[in-house]
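Asks: Here you go, one structure.
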Amino acid sequence: LRSEASENACEIAIGGLQDGLRRVRVARAKLTARFVADLFNAAGIGEWDPDTYRFVNIYNPDAALRWDSARRFSCSAERMTHPATGLNWAGASLAAALLGARLPRCAEWTLYTAPATAWLCTDPEGFYSLTNVAQSVGDTTPVETYPLIGGLFDPLGNACEWMEEPLPGPDAPASLERYVAGASWSTPRSVLETTLMRGKWGRVGTRSIGTRVLWDGPVD
Amino acid sequence: MSRPFLLLGHHRSGTNFVNDLLQIHPDCECLNEPLSMHSTFWMQRDLIAWGEQDYDPDHMHRDLEGHPGAATYLADLHSYLHAAPTGRIRGAKETLLFEKLGWLHRFAPAFQVIILVRDPRAVASSIIGRNMQHLWAYDDRITPRIARTAAFAERSREDVLAQVVWSWKERLALALSQSALFDCHILRLEDLVAQPRSTLAGLMGFLGRDVDCAQMAFMQESRLELGATTYSWSRTEQAVLDGWKTRLSEGDVRFIERNVVGEMAQFGYVPRLAV
């Protein structure tokens, strides 16, 4: 699973950051529901508390991932190649760590989605016609449905992405708010054109947030 | 520090739409059903009343004593909602808790409450049309309670319309009976759709904020016919206001009006003369 994820990454030079020019590899696509189910099952990760969840919201009836009667993660046949929505921040971080990767930082996200944001600014109708946002479909779609933009699938659509860093502030750990970047299948155009990054309580996994992982350093 | 808010509405009353509308404001964060869609604990206790006297300073509620996962989550949620950075406001939307507002007042007295109301004919039409009564286990939770309500005797207790009308009537009564404990704002979905500017200004004013231009842009966008699904924020004005008229039979409409005519008149869905 590690090599499958890593081989499907796009190498991008990240410049202009505090620590200067460096190279990272960004996953071409967000992690899919089937991939995360396989990953967590292989690692022995589970949702054992009968009342709530640690990593994956299994209580939303429309959840991409289920915790089934065999006490394993699974997903429906229709959702296998959709983004693994429903992971909270801890679940997203755990998936990244299991892959030897990490979640992107906001500055990195801004750089790797620059081709998409530029397209949105210059040709919004063209952009919308080839992106799953604003309920044009009404649900998530398989992660490779739309064409690559800047080497990535769904850089600005289908599902938002958890970022690594918390919002600055005096919050206690329990109330930690994490950055979520991008847009999902349900993000209205009126939001997409004004707000691409906002805070979200890291404890909740929702139907609109997925996970893209990133590796430091170039391809081996 | 900003006071958190609770947006409370019956199933299929436009709570997702209002949740998104609040969330779009740059100062607002509105969590979507952080209890009922993130745990089994609360769904299993739907319509089990918790009053002010049930608040337990040690365990929040005695029922939480044997559920450490649910208790920790609830404590974390409380911390999160009350720790908004300066200038921001946090809240949550729920379709449960109508019968727990007394307990909530002791647990989180700073809460401001928004009660979202929609015409029960539209609520019934939406639930029945999508067969959603199973999602909220109406057979298990509503049917046994209907048995104790003589007014519903003309329909079988398993009748979905009777379940929905009972649910709408009882949940609204439970919420209104406790609303004086809080700063409370009553919001009609129909007003928001038909007079968006003034109604939204009233809602945001209640939360101490001005309407943001992105919210008005979203109101416009929400009227377009997009790829609308069950939980979609996009509906035409006609679908929201009048869709039930073609989906409910005359007998269904008469049944609803007969059983909740007082409440409908209170919220302007039928003339007061009809009471």
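Values quoted throughout were computed directly from the atomic coordinates according to the rules given, and no laboratory measurement underlies them. Every value quoted in this text rests on a predicted model; they were computed, and no experiment measured them. Cβ: placed from backbone, ideal geometry, glycine included. Neighbour counts: every protein chain shown.
Asks: Counting partner chain Cβ atoms within 10 Å of every residue's Cβ in A:47-59, what's the average? Walk me through the numbers on the way to the answer.
Replies: Working: counts 1, 1, 8, 6, 16, 14, 4, 1, 0, 0, 3, 2, 10.
The mean count of partner-chain Cβ atoms within 10 Å per residue comes to 5.
Asks: Evaluate peptide A:118-128: per residue, the Cβ atoms of other protein chains within 10 Å of its Cβ; return the mean as an integer.
Replies: Taking the mean over all residues of the peptide, I get 0.
Asks: Using a 10 Å cut-off on Cβ atoms, rank the peptides A:149-158, B:246-255 from the highest mean neighbour count down.
Replies: A:149-158, B:246-255
Asks: Taking square-rooted eigenvalues a ≥ b ≥ c of the alpha carbon gyration tensor, is segment B:1-147 rounded, prolate or oblate, where a/c under 1.5 means rounded and, failing that, a/b exceeding b/c means prolate?
Replies: Oblate, since a/c reaches 1.5 and b/c is not below a/b.
Asks: Next up: Only loop residues by DSSP count here, and only those with at most 16 other Cβ atoms within 10 Å; note down the GluC sites (Glu not before Pro) in segment B:10-102 that meet that.
Replies: Numbers: sites: B:Glu29, B:Glu52, B:Glu65, B:Glu94, B:Glu99; in loops: B:Glu65.
The qualifying sites are B:Glu65.
Asks: Please give the FRET efficiency for B:Ala49 paired with A:Ala42, using the beta carbon to beta carbon distance and R0 = 45 Å, rounded to the nearest 0.05.
Replies: Once the sixth-power term is evaluated, E becomes 0.50.
Asks: Sort B:Tyr55, A:Tyr112, A:Tyr179 so the one with the fewest other Cβ atoms within 10 Å of its own Cβ comes first.
Replies: Lowest count first: B:Tyr55, A:Tyr112, A:Tyr179.
Asks: Now, a different point. Return the calculated 222 nm mean residue ellipticity for chain B, to the nearest 500 deg cm²/dmol, obtained by summing -39500 (n - 2.57) across DSSP H runs with n ≥ 4 and dividing by the residue count.
Replies: Rounded to the nearest 500, it is -13500 deg cm²/dmol.
Asks: With an 8 Å cut-off on Cα pairs and a minimum separation of 6 or more residues, tell me the relative contact order of segment B:70-200 in percent.
Replies: Contact order relative to length: 36 percent.
Asks: For chain A, give the share of DSSP beta bridges that are antiparallel, in percent and rounded to the nearest 5; count only bridges with both residues there.
Replies: Taking every DSSP beta bridge with both residues in chain A, the antiparallel ones total about 90 percent.
Asks: What is the antiparallel percent of DSSP beta bridges lying wholly in the protein assembly as shown, to the nearest 5?
Replies: Numbers: 25 of 47 bridges.
Of all bridge pairs located within the protein assembly as shown, approximately 55 percent are antiparallel.
Asks: Something else: When chain A is treated as a GNM, springs tying every alpha-carbon pair under 10 Å, which of A:Leu94, A:Leu103, A:Leu196 comes out with the largest mean-square fluctuation?
Replies: Of A:Leu94, A:Leu103, A:Leu196, the most mobile in the Gaussian network model is A:Leu196.
Asks: To the nearest 20 debye, what is the magnitude of the charge dipole of chain A about its Cα centre, counting +1 on the Cβ of each Lys and Arg and -1 on the Cβ of each Asp and Glu?
Replies: Using only the charged Cβ atoms, the result is roughly 240 debye.
Asks: Relative contact order (percent) for chain A, with alpha-carbon contacts under 8 angstrom and 6 or more residues of separation?
Replies: 27
Asks: I'd like the Kirkwood hydrodynamic radius of the protein assembly as shown, using the inverse of the mean 1/r over distinct C-alpha pairs, in Å. Don't skip to the answer; put the middle values down first.
Replies: Details: mean 1/r = 0.0421 Å⁻¹.
After inverting the pairwise mean of 1/r, the radius is 23.8 Å.
Asks: Go through A:Val204, A:Leu152, A:Thr141 and say which Cα lies farthest out towards the positive end of the charge dipole of chain A; charges sit on Cβ, +1 for Lys and Arg, -1 for Asp and Glu.
Replies: A:Val204
Asks: Continuing with the same structure: Can you put B:Tyr269, A:Tyr146, B:Tyr73 in order of Cβ neighbours within 10 angstrom, beginning with the fewest? Mind showing how you got there, number by number?
Replies: Details: B:Tyr269 21, A:Tyr146 17, B:Tyr73 24.
Listing B:Tyr269, A:Tyr146, B:Tyr73 from fewest to most nearby Cβ atoms yields A:Tyr146, B:Tyr269, B:Tyr73.
Asks: Right, another one. What is the sum of charges around B:Gly9, taking Lys and Arg as +1, Asp and Glu as -1, for the other residues whose C-beta is under 14 Å from the C-beta of B:Gly9?
Replies: Combined, the nearby Lys, Arg, Asp and Glu give -1.
Asks: Give the average, rounded to an integer, of partner chain Cβ atoms located within 10 angstrom of each Cβ in B:206-214.
Replies: If you average over the peptide's residues, the count of other-chain Cβ atoms is 1.
Asks: Enter the angle in degrees (range 0 to 90, nearest 10) between the Cα long axis of helix A:33-43 and the first principal axis of the Cα atoms of chain A, meaning the one along which they spread out most.
Replies: That works out to roughly 50 degrees.
Asks: Which one of B:Tyr55, A:Gly169, B:Leu174 has its Cα pushed farthest toward the positive end of the charge dipole of the protein assembly as shown, where Lys and Arg give +1 and Asp and Glu give -1 at the Cβ?
Replies: Looking along the dipole axis, the top candidate is B:Leu174.
Asks: A further question follows. Relative to the present Cα-Cα distance, how much length would full extension add between B:Asp242 and B:Arg62 at 0.36 nm per residue of separation?
Replies: Full-extension gain reported as 60.3 nm.
Asks: If we count other beta carbons within 10 Å of each Cβ, what is the order of A:Ser136, A:Ser190, fewest first?
Replies: Ranking A:Ser136, A:Ser190 by Cβ neighbours within 10 Å, fewest first, gives A:Ser136, A:Ser190.
Asks: First measure r as the distance between the Cβ atoms of B:Ala110 and A:Thr194, then evaluate 1/(1 + (r/R0)^6) with R0 = 30 Å and state the FRET efficiency to the nearest 0.05.
Replies: 0.50
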